[in-house]
C-alpha cells in the first residue's frame, strides 16, 4: 500500500520466567536477581501484620472496651501467682514445726526413761502413735506420686519423729515388742520405696505392689485401731480388722483383674490416700480418749508438741485450699483443730496449761484460718469463701 511503511516484526525471543517475587534490574543477569519475601495476604491469622504496614496509624482499630471488661486484669493474675508462691512457702515452712513437733515429747520421754519413770510414758498411747505413723507413711506415698516436694519432706519428718517416740514406748514396755519389730520393717521399706519412686529409680510393678500393700494395710488397720481404742469398754476382738482385710484384698484383686468399672478402679486407687488421712485423723481421738481415761497422766503429754502440731498443720491449710486438694485440706484442718487445739483444750480443762497460753493459741488458729479463707476468696475473685469450699468439695 502506498504511503505506508511496512515494518517487519522482529522474531519473538523465548521468554524466560523470573523467579517469583523478584526485583528485576536490567543490568543484572537473571540468575543474580535476589528474592524478597512475599507480601503478607491479609487473613485472620496475620491481619495485625497487614494493618501495621498498610493502614495509617490514625485509622487502626482500637480495642473495644466492652470486650476488655470481661478479661481478667493483670493485677489479679499477678496476685493469684503471688498467693500460689506464698502458699507453697507456707507449706515448706511447716517443716520447721514438724521437725520440732515430737522433740519436746522425745526429750520428756527420755527424761522419764532415765529416771526410771516408765509409767509416765503410758500417757502417750502407742496405738495413737502407730496410727499417726501409718498415716504419715501412706500420705508420703500419696505426695511422692504427686511430686509435691514440700509435703514429702513434711511427711518424712513425721514418719521419722513418730518412729523415735514409738521406739521409746517399746523401751518402756508401753508397746508390745513384736508390734515394734513389724512397724520397724514397714517403716524402713516404705521410706526406701517412696524415695526410689520419687527419683524414678523404682520399677512400676514394684510401686503398684507397694500401693496395693498400703491400701490393704491401711484399710485393715483403720477399723482395728478404732475398735481397740475403746477396749476394755468393748470386748477385745480382731474381727473388725479381719473383715476389713478380706474386703480390701477382694477390692484390690478385682481392680487388678479388670473386673471393676473405671470409677471403681479410681475408687480403689484413692482408698490408700483416704485411709491414710483417716488414720492420721484418728490419732487425736485416741490421744484425747487416753487423757480422759487417765487424767493423772496428762503431765506426761507435752503442750509444746500439741502447739507445734497445730501450727505445722495450720501452715498447710492455705496450700491445700488453693490447689483444691480435699484430702490434704481435710487432714491438715482436722489435725490442726482436733489434734493440736483439741488436746490443748483437754490440757486446759485438766489445768495442765495456763489460760493465757490456751487463749493465745486459740486466737492465733482462728485468725489464721479466717485469713486463709479470705485470701483464697479474694485471689479467685469470689464474693464468698463458701464458693472456694464448694469447689474444694466438688473437686473443680
Problem set entry | Taking segment 163-291 and dividing mean pair separation by its residue count, relative contact order in percent (alpha carbons under 8 Å, at least six apart) | 22 percent
Problem set entry | Rounded if a/c under 1.5, otherwise prolate or oblate - segment 350-396, Cα gyration tensor axes | prolate
Problem set entry | Virtual spin-label span in nm between residue 327 and residue 292, 7 Å along Cα→Cβ | 2.9 nm
Problem set entry | Cα gyration tensor, segment 327-382 - rounded (a/c under 1.5), prolate or oblate | oblate
Exercise. So, in nm, how far is label residue 96 from label residue 350 when the simple model puts each one 7 Å beyond its Cα toward the Cβ?
Worked result: 3.0 nm
Exercise. Can you pull the Kirkwood radius for segment 262-396, inverse mean 1/r over Cα pairs, to one decimal in Å?
Worked result: 16.2 Å
For this session: Please label the shape of segment 178-276 as rounded, prolate or oblate, based on the square roots a ≥ b ≥ c of the eigenvalues of the alpha-carbon gyration tensor (a/c under 1.5 means rounded; beyond that, a/b larger than b/c means prolate, else oblate).
Result: oblate
Seminar exercise, completed: If the label point sits 7 Å along Cα→Cβ of residue 115, residues of segment 268-310 with amide N under 17 Å come out as 296-304
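For segment 82-394, calculate the relative contact order in percent as a whole number, restricting contacts to Cα pairs under 8 Å that are 6 or more residues apart. Please report the intermediate quantities before stating the final value.
On the way: 382 pairs, mean separation 77.1, N = 313.
Relative CO of segment 82-394 lands at 25 percent.
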Exercise. Listing 263, 173 from the residue with the fewest other Cβ atoms within 10 Å to the one with the most, what is the order?
Worked result: 263, 173
Exercise. With each label point set 7 Å from Cα along the Cα-Cβ vector, what nm distance links residue 383 and residue 254?
Worked result: 4.5 nm
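If you wrap a convex hull around the Cα atoms of segment 82-394, how much volume per residue is inside, in Å³?
Numbers: hull volume 44.5 nm³, N = 313.
About 142 Å³ per residue, rounded to a whole number.
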For this session: Give me the distance between the Cα centres of segment 278-326 and segment 357-386, rounded to whole Å.
Result: 19 Å
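Each reported figure results from applying straightforward, stated rules to the coordinates on display, with no laboratory input. All values derive from a computational prediction rather than experimental measurement. Here Cβ is always computed from backbone atoms with ideal geometry, including for glycine, and neighbour counts include all displayed protein chains.
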